[in-house]
Amino acid sequence: MPRLLQESIRPHRTPALFGLGCALGVLAFFLLYGPTPLEVSNDTWLRGGFVEQDVLQHYAGWLFYRSSPLRLPLCTPQSINWPQGISILYTDSIPLFALFFRLAEGVLPPVFQYFGWYTLLCFALQGGFAALLLDLFLRDALSALLGSLVFIFSPVLVERAFRHTALGAQFLILAALWYYFKGRQQNRFVYKGLFAINCLAIGLHPYFVPMAFALTLALLAEWAVQNRRLKAPALFLAANLAAALALGALLGLFTASGDGGSVVEYGYFGLNLNALWNPISRWQTVWSRIIPPQNQTGGNYDAFCYLGLGILLGCAAAACCCLSGRRRAAAGRWMCKHFMLCVVCLVLTLFAISHQVTANGALLFTLPMPHALVRLATTFRSSGRMFWPAYYLLMLGSILFWAWAAKRLPAPRRGAVPAALLLLCAVQLWDISPALAQRHGMFAQYEPSFPSSLTSLFWQQAGERYRHILSLDELQEDPWHLALFAADHGMTTNDPFAARYDEAGLKAQRAAIVEQLRAGRPEAGCLYLIRREGLFLELADRQPEGVFCAQLAGGWYVIAPGMEYSGDDALIFSETFPLRLVDYYTDDYWVDGVLARAPTEEWQDKAGHTVLFTDCAFTRRKLQGARALRDAFGREYAILTVDDRDEGWLMVTLDIPDASALVGMDLEAVA
């Protein structure tokens, strides 16, 4: 094994080996997904939310950009996050691909998606760079190609494909590792390809930027120490950073961005300590025939890093081997030679784990961190992804151990290494085959996972009538289909479906619109959407005649100037509109708008009997003089008290055994 780690057996790659690796990646893609995702005019699987709803966000970003005029910064359609606009980099729409096809708009069909071809390219390059990386260590091309199959069917790559499509560019990490080991072998660091990889990362997905640059930094630092020269690698790093940031600025990285969209902070999506052997990912996909699923907490699912049985066996055996006698010394010398690689992988791993350390289903402890530092780290809030360079290094080490072990057999034969790697592939693929079969079946017999709720006649009429969709509070119930609806009809939207947006700017814009509607002055070209019923009741009550105000099927609250609609799916606002608890309100004392625990002794007898309504003119008119509330079954509950001491809320105590029975129910005030 030590000789395998000397990176001196095959110092040069060949284009043919790279091409064969790419061919294996293409073959793997077709085995997994078939030709369906390559049909550029077939977007049903994108609109249906293949694997999960994030693909709707990716596709909507492309649709908005496709119909927008070209302007600087590039890839920043104003129709998203209207009127400021935002880069489709924040909708994970793969900006470099979007830009290329936007420039070719004149020859594209009416329906066009590039996400299938992008993923095919990712699989191909994964195979190509895996073959090159292994070729630095193994004696023959066949062994390198067999080992590349393990990288091609990496659980992380397959799990991300068509879920977080842009993150399928795992080849960026393999390419950076290849340049690192090649540079250490050749005692050089200036590679045009490495420079390009670091720039390419920001045009595909920003999460790859710190990973690629960390591996580049490892090469530069080790070269500087070995050659006792700092200036040249420092200039290379500075130039590379400047070029990457310039490309990011050109693609709109700094346009209308902000901390909006960070619903959770750094730590929630941290790496669980069991991640390497936990074969469970998002939507409870099981990745192992042998190892049972382990528990996890919070957002650990996004840090999915299962290695596979074959790689785990190799890692365990290699660890035992390296801890023994002479080989322990050899492993120590290797770590000293590659000290900076070990450092950056350790730093990335610690960042991935985060300050909230979890193991199985438990939070072990939380390290104190200044809030400002937490907010800064939240820039990469899905911190578990930062483990990927170490993940692929473990894969590489395990493959090399299998090869080394084959050469240590009592009577090794010429084909011992390929045979050992073929066995590794067989064990690895057999172990993860349930998940691979599931992915294959999802395209073979595709059915929409998340069908749209915007299918009624109202939405058809709205698409023809309005130019702007303005969301007045929070994220809408179905923001991704809403974004697709707006893009399909050439509308703008301010609903924040992007991963990042200017939260302060959006808040100010919404406040101004709310004040305009409070004054009863809606704009004719705007369709207003409201999430909270209390705000809807307040604003609908102030609109002049001719403004359609209703709750639609699917929970949409709309204010639509000039709309005439009387479909069965609309509950039109009027004095007969029902009362409902504020069932989205929960804190230490309230659960779904019902007082569950008395805050003071005064409220001791009211817990379980007091309900919460939004304080607005409509609700006050309903409750004024009312003696009881009647539920949907005709049962009446006497009103004992109405308390308005908390601004914005009306607390109504009822003669009822358990007020939680009224959650989600239409109520009527009885005079």
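Couple of notes before you dig in:
- Prolate/oblate/rounded call for the range 298-422, Cα gyration tensor, a/c under 1.5 rounded: prolate
- Cα-Cα P(r), the range 375-508, percent of pairs per 10 Å interval: 9, 20, 20, 19, 15, 11, 6, 1
- The trypsin sites (Lys or Arg not before Pro) of the range 375-448 that meet both conditions, a loop assignment by DSSP and at most 14 other Cβ atoms within 10 Å of the site Cβ, are R408, R413, R414.
- Spatially near lysine pairs across the chain, Cα under 26 Å, sequence gap of 8 or more or different chains: 9
- Sequence-separation-based contact order of the range 469-514, relative, with Cα cut under 8 Å and 6+ spacing, percent: 49
- The range 263-355: trypsin sites (Lys or Arg not before Pro) falling in loop per DSSP and having at most 16 other Cβ within 10 Å: R289
- Counting only Cα atoms, the range 175-232 measures 34, 18, 15 Å along its principal axes, largest extent leading.
- Rounded to the nearest 0.05, the FRET efficiency derived from the C-beta distance between N295 and E545 at R0 = 60 Å is 0.55.
- At least 20 Å along the helix axis (C-alpha) and Kyte average at least 0.5, DSSP helices within the chain: 15-33, 115-135, 208-227, 231-250, 339-353, 388-407, 416-444
- With coordinates expressed along the principal axes, the C-alpha atoms belonging to the range 62-111 extend over 29, 19, 17 Å, beginning with the largest.
- Shape category assigned to the range 279-367 from the gyration tensor of Cα positions, a/c cut at 1.5: oblate
- Fraction of antiparallel bridges per DSSP, the chain only, in percent to nearest 5: 85
- Contour minus Cα-Cα distance for R328 and Q226 (0.36 nm per residue): 34.4 nm
- Shape of the range 553-671, Cα gyration tensor, a/c cut at 1.5: prolate
- Here L247 sits with roughly 40 square angstrom of accessible surface, probe radius 1.4 Å.
- Measure of compaction for the chain (Cα Rg per 2.2 N^0.38 Å): 1.11
- Looking at the range 527-596, the GluC sites (Glu not before Pro) that sit in a DSSP loop and have at most 13 other Cβ atoms within 10 Å of their own Cβ are E545, E564, E575.
- Our analysis of the range 530-606 gives Rg over Rh at 1.13, with the two radii drawn from alpha carbon positions and Rh computed by the Kirkwood formula.
- Fraction of the pair-distance distribution of the range 76-193 above 24 Å, Cα-Cα pairs, percent: 43
- Part-to-part distance (alpha-carbon centres) for the range 114-139 and the range 193-239, which is given in Å: 21
- The calculated pair-distance distribution of the range 320-368 uses every alpha carbon pair, bins of 5 angstrom beginning at 0, and gives 5, 18, 14, 15, 14, 15, 14, 5, 0 percent.
- Accessible surface computed residue by residue for the chain, with neighbouring protein chains in place and a 1.4 Å probe, gives 42 Å² per residue.
- Annotation: Cα Rg of the range 118-244 relative to the compact-globule expectation 2.2 N^0.38 Å equals 1.09.
- Ellipticity estimate at 222 nm from DSSP helix runs (n ≥ 4, -39,500 (n - 2.57)) divided over the chain, nearest 500: -14500 deg cm²/dmol
The values are calculated or read from the model by the stated rules, or taken from the named source; none is laboratory data. Everything numeric in this text was worked out from a predicted model, so none of it was measured. So basically every Cβ, Gly included, is an ideal-geometry build from the backbone, and we count neighbours across all protein chains shown. In case anyone asks, the SASA skips ligands and DNA or RNA and just uses the protein heavy atoms, side chains included. Shrake-Rupley method; radii C 1.70, N 1.55, O 1.52, S 1.80 Å.
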